[in-house]
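Accompanying notes for the structure given below.
Laboratory data are not the source of any read-out in this text; all were calculated from the coordinates shown. Since the model is a prediction, treat every value here as computed from it, not as a measurement. Virtual Cβ from ideal backbone geometry, glycine too; neighbours counted across all protein chains shown.
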Amino acid sequence: MVSMDGFPDIKTYRIAKGLTQAEFAERVSAFGKRCSQSRVSQWESGTFGFTAAWATQVELATGGEVRREVLIFGASQLPDNNPSALIAPDRKHRSVHPKQNRHVRRGASS
């Protein structure tokens, strides 16, 4: 299946490239954690979801043809097909000074 923004899911990508599940797993493994054929099978059947780490690894292995946002959220969940819209609006351009996050114990001796 190809998402609304034109990015394929892993099965569509794998078949288009003429790869077996084992060959696709080898490609994914080259970019981080070891991936097995059974994991690819679980992803394709929907019995195993994607963590951010796995989705990033798949995106790298496919040269960006399969997008991590599509794997994690699904094409129908991408707001206006704009992955940057997934960032909470109040956090988009907000920077926090490191000292503002520090917990200070008052009254304790050093």
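Net length available on complete extension from residue 30 to residue 16 is 3.0 nm, with 0.36 nm assigned per residue and the Cα-Cα distance removed. Label-to-label distance for residue 38 and residue 65 is 2.8 nm, based on points extended 7 Å past Cα in the beta-carbon direction. Fully extending the segment from residue 48 to residue 23, taken as 0.36 nm per residue of separation minus the present Cα-Cα distance, adds 7.1 nm.
Working note: Debye formula, equal point scatterers on the alpha-carbon atoms of the stretch 38-78, no solvent; log10 I(q)/I(0) at q = 0.16, 0.22, 0.25, 0.28 Å⁻¹ is -0.36, -0.68, -0.86, -1.03.
Here the residues 39, 68, ranked from fewest to most Cβ neighbours within 10 Å of their Cβ, fall in the order 39, 68. Summary value for the stretch 1-75: 33 percent relative contact order, contacts being C-alpha pairs under 8 angstrom separated by 6+ residues.
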